[in-house]
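Down below is the structure, laid out as structure tokens.
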Amino acid sequence: MVKQTTSRPGDEGAEAPRLKDSIFSPARIRHIAAEASQVSSAFDGQRFVAQALDGLDALTLMERLRHIAKALHAALPLDFPAAVDVLRDLAPRLNNKFVALTLSEFVALYGQDEFDLSMDALRFFTPFGSSEFAVRHFLRRDFERTLAVMERWAKDENGDWLCCKDWRQSEVGCRSAPIRRLLRNGG
């Protein structure tokens with residue numbers, strides 16, 4: 001494992017794990033497997049751990065996010081709606097908000113043909129982490145329809161589920177610069 005040196009006063013020379021190694025560590029992957037196995041007997045925890053750990057060391061943080069989402073898919077032998085139900089039950093059990101992004105990435109990868117269910121799932125997963133990266137896939141595929149959903153989200157009077165309170169105040173409810181560029185450029 002490659003270590004990086006911290007620069008905190010009093011810690012000169014101390015080594016800290018790289019962010020990708022602390023967020024998606026083998027222990028965290030085993031945690032995901034244990035929690036998912038608790039919420040669904042259909043979840044194959046051993047398959048998930050084996051697939052999630054395979055090749056993990058060589059991946060960047062964002063590649064790991066996608067890799068874990070694919071491992072979830074391999075371990076959930078269910079159709080998309082049933083898998084989303086399991087992931088909804090799993091979301092509050094995950095012990096890291098960044099790890100919860102794997103759930104919205106799962107939706108982005110496997111929910112393109114289930115637009116309404118996918119948008120609802122992304123809205124649900126937002127308070128547990130974010131759906132900012134996942135929604136981009138839907139903007140690229142069906143810009144107008146996705147934008148209409150996002151505009152409804154931005155005007156939601158009951159927006160406690162939003163990841164930040166200033167979300168509604170930014171351009172069409174999007175605080176992400178890449179999403180704002182997509183919106184300005186029409187997809």
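The table that follows gives values for the structure above.
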{"read-out": "Any hit, region 125-144, residues being in a loop (DSSP other than H, G, I, E, B), farther than 24 Å from residue 39 by Cβ and out of contact with any strand residue (DSSP E or B) (no Cβ under 6 Å at 6 or more places or on another chain)", "value": "yes"}
{"read-out": "Per-region count, region 87-107, residues within 9 Å of the chain's Cα centre (by Cα) and assigned to a helix (DSSP H, G or I)", "value": "7"}
{"read-out": "Filtered residues of region 55-71 (kept if exposed (fewer than 14 other Cβ atoms within 10 Å of the Cβ) and in a loop (DSSP other than H, G, I, E, B))", "value": "55, 60"}
{"read-out": "Residue match in region 12-25 (condition: under 14 Å from residue 101 (Cα atoms), of a type in the set (Val, Ile, Thr), under 16 Å from the mean Cα position of the chain (by Cα) and modelled with pLDDT of 95 or more)", "value": "no"}
{"read-out": "First in region 96-116 and under 15 Å from residue 86 (Cα atoms), second anywhere and hydroxyl-bearing (Ser, Thr, Tyr) and part of a helix (DSSP H, G or I), Cβ under 8 Å, 6 or more apart", "value": "104/126; 107/118; 111/118"}
{"read-out": "Sole residue being surrounded by 17 or more Cβ atoms within 10 Å (Cβ to Cβ), closer than 24 Å to residue 126 by Cα and hydrophobic (A, V, I, L, M, F, W, C), chosen from 82, 52, 74", "value": "52"}
{"read-out": "Matching residues in region 23-33 - criterion: being part of a helix (DSSP H, G or I) and closer than 16 Å to residue 55 by Cα", "value": "23, 26, 27, 28, 29, 30"}
{"read-out": "Neighbours by Cβ (under 6 Å, 6+ apart or cross-chain): first from region 145-157, at pLDDT 85 or above; second of a type outside the set (S, T, N, Q)", "value": "146/138; 146/139; 149/119; 150/173"}
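Yes/no matrix, rows are residues, columns are (1) among the charged types (D, E, K, R); (2) modelled with pLDDT of 95 or more; (3) under 23 Å from residue 148 (Cα atoms):
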{"position": "60", "(1), (2), (3)": "no, no, no"}
{"position": "97", "(1), (2), (3)": "yes, no, no"}
{"position": "100", "(1), (2), (3)": "no, no, no"}
{"position": "105", "(1), (2), (3)": "yes, yes, yes"}
{"position": "109", "(1), (2), (3)": "no, yes, yes"}
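The values are calculated or read from the model by the stated rules, or taken from the named source; none is laboratory data. This structure is a prediction, so every number in the text was calculated from the model and none was measured. Note that we place each Cβ from the backbone using ideal geometry, even for glycine, and neighbour counts take in every protein chain shown.
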